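Everything on this sheet refers to the single structure shown next.
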Amino acid sequence: MPVRWREVGGRVLLTNDAGDYLWLDRAPFEALAAGTLKPGHPVWAELARSNMLHDPETEARVVERIRRRSGHLQVGPTLHIVVLTLRCNHACTYCHASRQPEKRAGFDMSLDTAARVLDVILASPAPDLTIEFQGGEPALNFPVLRWFVEEGRRRVAGGSRRLWFSLVSNLSTLTPAQIEWLVDQGVAVCTSIDGPAELHDRHRRIAGGDSHRRTRAAMARFDAAYRRRRLDPSLAYVNALVTVSRGSLAQPEAIVDEYVRMGQKVIHLRPLNPFGMGRKIWAREGYTAEEFLRFWTRALDHIIELNRQGVEMAEKMASLLLTRILTDDNPNYADLRSPCGAAIGQLAYNHDGRVYTCDEGRMVGAMGDDLFCIGDVHRHGYAELIAHPTVGSLCVSSCLECLPGCADCAYAPYCGVCPVYNYIEQGDLVARPATNDRCKMMLGMLDYLFQRLAEPGLPDLFRRWTEVRDRSSVFEPRRPRRPSPRAKARPAAAPPRRAKKGARRA
Ligand code: SF4
Ligand code: SF4
């Protein structure tokens, strides 16, 4: 069968298209490559077990598994990122260019735009749809958030489609009544905690300098609200993630320990990316791929040690990669699939109605370059947006199986490329892997995981990181415990509106 290979730590790692892998010593690998390896050789049976020797049954099995691993191609955009406002009460040191001061007018999504956005979302063919509210600080436009949830649920009621909502927020502006309402409506909540208070507050700047305390206090209020509804605390909680800035690099252990103290079971160590960020900010806060990898591997060493002491914790990026390595499940993570999720897996809607292939494409738009803008909900319907030539370009340029470098890379069955990153960093949608920092990070993370997978006991430990518990019961709407916080400014629900067929774009 076709295999790819890579030398790691003096041995050779073989992989096939279905994600099977096998370590070989140099001598049998060279015999295999030369065609002189014979049945009866000790590695022959291992190659057969790993689906690397051809026969019709193996071929059929591998084809079926590739189909399952590529399930994302059958679905359509499931994730819809709605930027409710560009205003924010924070001024984080690494924030992208589009953030606007809290009191500035003209940067909120209007109800009219929201109605057109919802039309486009519901025209997507995906059976499960997630609307993710982002900003700025999306909770500053709470009336429109509430409209989306109530109107969205009304529009899908009685049908077979499922609609989920998620709020990405610093939580610091939420009132107790808003928290109760979000819990009653089953809105999933994700926030940012960059580590211990000193590190977090140094980067996440807010008047009063107490961002960490305010976010933690709101998380505690959510926990209390979940407990009052007798929801399983191992399923009902606020997710948190870390944005890794230069100041984080020296303290991976302290950051992980902060997440253990918070009771989180997963930590997402998200590298800073250059989308929408001025060069000056990148020069101050950015770092090389090698620096990030040193940080990430130290953090993982620490987490594995904690696991061995009985502490439950996993790192999100590692979990996603391990899911691709150890299972045929498809986490459908936009940046780890081929082609990537730009437009065909997710869409991003700016506050003014412009639609982008993904949130990262929107951030490039905030820098004044609308290459990744595929239309406007005021002029285009779903079919026109998805037929935009940029969508095809991003599919082609993120299809690993046909990209120079990636097509031959042993990690292609597990990896993904980002055309937006390539465009910003290398001036081309297509990556040049040899000098691409994102590729270096992927290579480093996958080298680390494969090397550790070869250690006794680690496959079982890592397998636990791939177990995903079904949390859907937490994110169903439930009967409110108290009256809904009807804000005075709440607009009247707009009637559902059909997206106009706009003039064809160039
Ligand atoms: S991006 Fe890099 S690591 Fe990923 S498949 Fe391409 S060459 Fe391999
Ligand atoms: S272009 Fe990049 S950021 Fe956008 S979905 Fe693809 S991989 Fe993700």
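Which of rounded, prolate, oblate describes segment 238-355, given a ≥ b ≥ c as roots of the alpha-carbon gyration tensor eigenvalues and a/c under 1.5 marking rounded, otherwise prolate only if a/b is larger than b/c? Write out the running numbers ahead of the final one.
Working: a/c = 1.88, a/b = 1.24, b/c = 1.52.
Oblate.
Which whole-number value in Å³ per residue fits the convex hull of the alpha carbons of segment 363-420?
Working: hull volume 6.3 nm³, N = 58.
Hull volume normalised by residue count: 109 Å³.
When the helices in the chain are scored as -39500 (n - 2.57) per DSSP H run of 4 or longer and the sum is shared across all residues, what 222 nm value do you end up with, to the nearest 500 deg cm²/dmol? Result for the chain, helices only: -11500 deg cm²/dmol. Counting 0.36 nm for each residue step from residue 472 to residue 155 and taking away their Cα separation leaves a gain of 112.2 nm. Contact order, relative form, for segment 1-69: 30 percent (alpha carbon pairs under 8 Å, 6 or more residues apart, mean separation divided by residue count).
For the chain, the spread of Cα positions along the three principal axes, ordered from largest to smallest, is 79, 55, 48 Å. Once the Cβ-Cβ distance between residue 396 and residue 91 is put in as r, and R0 is 60 Å, what FRET efficiency do you end up with, to the nearest 0.05? The computed FRET efficiency comes out at 0.95. Helix 211-228 axis versus longest C-alpha principal axis of the chain: approximately 90°, rounded to the nearest ten.
Please compute the volume of the convex hull spanned by the alpha-carbon atoms of segment 1-69 and report it per residue in Å³.
On the way: hull volume 5.6 nm³, N = 69.
Hull volume over Cα atoms, normalised by residue count, gives 81 Å³.
The mean sequence separation of alpha-carbon pairs under 8 Å and at least six residues apart, normalised by the residue count of the chain, gives a relative contact order of 19 percent.
Trypsin sites (Lys or Arg not before Pro), restricted to segment 16-107: which are DSSP loop and have at most 14 other Cβ atoms within 10 Å? Sites meeting the loop and neighbour criteria: 103, 104.
Relative contact order, whole percent, for segment 324-400 stands at 29, derived from Cα pairs under 8 Å and 6 or more residues apart.
Roughly what angle does helix 437-453 make with the longest principal axis of the chain, taking Cα atoms, 0 to 90 degrees, to the nearest 10? For 437-453 against the chain, the angle is about 60 degrees.
Only the coordinates and a few stated rules stand behind these numbers; no lab work does. Everything numeric in this text was worked out from a predicted model, so none of it was measured. In this analysis, Cβ positions are derived from the backbone assuming ideal geometry, glycine residues included, and neighbour counts consider all displayed protein chains.
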